[in-house]
Amino acid sequence: MELRYNAIVLKKKEVGETDRLYMLYTQEQGKVQLVAKGVRKSEAKLAGQLETLMQGLIIVVKGRGTGKIAGAVAEKNFPHLRTDVDILKRVLETINIFDRLVDFDEPDAELFSLLSTYLTLANDLAGERKKEKISLLTEGFLFQLFAHLGYRIETGVCAVSGKKLHSGEQHFFSPSAGGMLMGEHSHGAENAFPVSENTIKLIRLFLGNRLEVLSRVQAEPRELREAEQIATWFFQWIER
């Protein structure tokens, strides 16, 4: 049986003497793991179509077992992401978070679109050498990824009391509480740390807008650092 996937290559791993194991996120089946036989042989042409972060058509032959990659046509290579080591490292770290949070064989067209859009926009910004915008886009993607997977961070009300957060008060974030806290509820919350009002507003922008809009958002370095810290701690809590 032959299957055709619209897929994004998340990562690859060498197995045996000439084979590779690929982790793919597909529009049709969600995350899958497939082997490509003989792809590391010098005369093999398939490897060039299966680079990490490539998006394109993957042809799979399935018999018994997980199936084998029989062909691939790269449609998007995102070349600008590979021209800067820092940008590539940041994007690959983000893809690793995606891979670790998403389960196998759960098709999700909206999530596929979110990932594809992130890579497309990040590639465009890398071509324009806008590193700070890539950082902003990346944090927006992560907060939207968490929310899509059922881990939406509460930014409108105190995650403990349910009372509306008011301007001018000191606010905190706790991963275990799942969002922002009023000061009076921060002492009993695990790993709570103070967060500025502007950072909370920034996260609301991340959660309330399409990724395409985020390149126009203005944020101070301190606010972006706080958002990065929140995303990192929240991801670590989700994985526990």
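Data overview
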| quantity | calculated |
| --- | --- |
| Verdict on Ser176 being in contact (Cβ under 8 Å) with a residue 60 or more places away in the chain and either of a type in the set (S, T, N, Q) or not assigned by TED's automatic domain parsing to the domain that holds Ala147 (or both) | yes |
| Ala147 in the same structural domain as Lys201 (by TED's automatic domain parsing), of a type outside the set (S, T, N, Q) and within 30 Å of Ser186 (Cβ to Cβ) | yes |
| Criterion: hydrophobic (A, V, I, L, M, F, W, C), at pLDDT 95 or above, surrounded by 14 or more Cβ atoms within 10 Å (Cβ to Cβ) and touching an Asp or Glu at 6+ places or on another chain (Cβ under 7 Å) - qualifying residue of Leu88, Leu10, Leu81, Leu53 | Leu10 |
| Selected residue [at pLDDT 95 or above and among the small types (Gly, Ala, Ser)] from Gly71, Gly30, Gly48 | Gly30 |
| Pairs, first touching a residue at least 12 places away in the same chain (Cβ under 8 Å) and not assigned by TED's automatic domain parsing to the domain that holds Glu128 in segment 198-221, second crowded, with 18+ Cβ neighbours inside 10 Å and acidic (Asp, Glu), C-beta under 8 Å, six or more apart | none |
| Set His166, His171: member being of a type outside the set (A, V, I, L, M, F, W, C), in contact with a strand residue (DSSP E or B) (Cβ under 9 Å, 6 or more places away or on another chain) and modelled with pLDDT under 95 | His166 |
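The values are calculated or read from the model by the stated rules, or taken from the named source; none is laboratory data. These numbers come from a predicted model, not from an experiment. All Cβ positions, even for glycine, are placed from backbone atoms using ideal geometry, and neighbour counts span all protein chains on display.
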